[in-house]
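Enquirer: Have a look at the structure that comes next, please.
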Amino acid sequence: MTVKNKVVVITGASSGIGEASAKLLAANGAKVVLGARREARLQEIVQAIEAAGGQAAYRVTDVTKPAEVQALVDLAKTQFGGIDVIFNNAGIMPTSPVSALHTEEWNDMVDINLKGVLNGVAAVMPDFTKQKHGQIITTSSVAGIKSFTGAGVYGATKFAVRNLMEVIRMESAQEGTNIRTVSLYPAAINTELLHTITDKDAKAGMEQFYAQVGITPDAVARVVNFAIDQPEDVNVNEFTIYPTKQA
């Protein structure tokens, strides 16, 4: 199976990497099911995909709520007859020094960036195990492979996601369930993540840096498309996506 006709669930699909991936995959023949919290944006994206001849559906989804993620996966099965891929893309990045003690934001990052991914895994695992194929793609970060000041808790969630994906890959190989995993490590990609930063100094520094080196989410979407397009016996499972200008 290639991208064409695969059923792909995408969280965090209302903008950025999720939106770009949905549009590219749909253009290449995938059937995409989009989840996010902003219904108006989801409606616009689905309409754009359908106007271009693609197939798409959406459901308002808060990834911190297991039942809502499960309902999104169930929509894929009822609308398109099954599920082949889940792209756990929802995330927030309210960076700040640990000493600033933005503890509420710490909890939000754990709930969305880590527990949200776990909810996605739990929603598809029974189907993937039963059908003995499936692909779990998750957006980590370059902050999930090396440490950055100001990103202590954000990076902790992204390191956790990296470990989770690798363990799923290994266990699937041992269990013979053929579940492929993909971990994405984007660097400075121009998305709405910067809007989630409330610390003024951190926000100013990040905005200046991204303005200098940031690239569009389409860069990551092309990697997602490439990973899905591989034969079922091939697991290309880790990708670091840097702007060429970023050191």
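The values are calculated or read from the model by the stated rules, or taken from the named source; none is laboratory data. All values derive from a computational prediction rather than experimental measurement. Backbone-built Cβ (ideal geometry, glycine too); neighbour counts: all protein chains shown. Note: accessible area is taken over every heavy atom of the protein model, side chains too, but ligands, DNA and RNA are not part of it. Shrake-Rupley method; radii C 1.70, N 1.55, O 1.52, S 1.80 Å.
Enquirer: Given +1 on the Cβ of Lys and Arg, -1 on the Cβ of Asp and Glu, and no further charges, what dipole in debye does the chain carry about its Cα centre, rounded to the nearest 20?
Expert: Roughly 300 debye, rounded to the nearest 20.
Enquirer: Can you tally the net charge around Glu68? Count Lys and Arg as +1, Asp and Glu as -1, for every other residue whose Cβ sits under 11 Å from the Cβ of Glu68.
Expert: Neighbourhood net charge equals +1.
Enquirer: Next question, about the same structure. Under 15 Å from a point placed 7 Å out from the Cα of Glu232 along the Cα-to-Cβ direction: which residues of the stretch 115-148 have their backbone N that close?
Expert: Only 127-136 fall inside the zone, counting backbone N under 15 Å.
Enquirer: A follow-up question, please. Please tell me which of these pairs span more than 28 angstrom C-alpha to C-alpha: Lys6/Lys146; Lys23/Lys115; Lys6/Lys245?
Expert: Beyond 28 Å: Lys6/Lys146; Lys6/Lys245.
Enquirer: Report the accessible area of Phe128, computed with a 1.4 Å probe over the heavy atoms of all protein chains in place, in Å² rounded to the nearest 10.
Expert: 0 Å²
Enquirer: Any chance you could get the radius of gyration and Dmax over the Cα atoms of the stretch 5-118, in Å?
Expert: 14.9, 51
Enquirer: Using a cut-off of 13 Å between beta-carbons, work out the net charge of the residues near Leu114 (Lys and Arg +1, Asp and Glu -1, Leu114 not included).
Expert: Local net charge: +1.
Enquirer: Expressed as an acute angle from 0 to 90° and rounded to the nearest 10, what is the orientation of the C-alpha long axis of helix 200-213 relative to the principal long axis of the chain?
Expert: Here the helix axis deviates by roughly 60 degrees.
Enquirer: Just how far, in whole angstrom, is the stretch 83-125 from the stretch 1-79 if you go by their alpha carbon centroids?
Expert: Cα centroid to Cα centroid, the span is 19 Å.
Enquirer: Continuing with the same structure: Determine the gain in length on full extension of the stretch Ala40-Glu166; use 0.36 nm per residue of separation and subtract their C-alpha separation, reporting nm with one decimal.
Expert: Full extension of this stretch gives 41.9 nm more.
Enquirer: Something else: So, in nm, how far is label Lys146 from label Ala173 when the simple model puts each one 7 Å beyond its Cα toward the Cβ?
Expert: 2.6 nm
Enquirer: Of all the accessible heavy-atom surface of the stretch 5-239, with the other protein chains kept in place and a 1.4 Å probe, what percent is carbon and sulfur? Please list the in-between numbers first.
Expert: On the way: 5320 of 10150 Å².
Reported share for carbon and sulfur atoms: 52 percent.
Enquirer: Give me the accessible area per residue for the chain, probe 1.4 Å, as a whole number in Å².
Expert: Per residue, the chain has an accessible area of 45 Å².
Enquirer: Follow-up question, since we're still on this one. Reachable aspartates and glutamates from Lys203, Cα under 18 Å, same-chain residues fewer than 8 places away excluded?
Expert: Once the sequence-local aspartates and glutamates are set aside, what remains near Lys203 is Glu104, Glu105, Asp108, Glu192.
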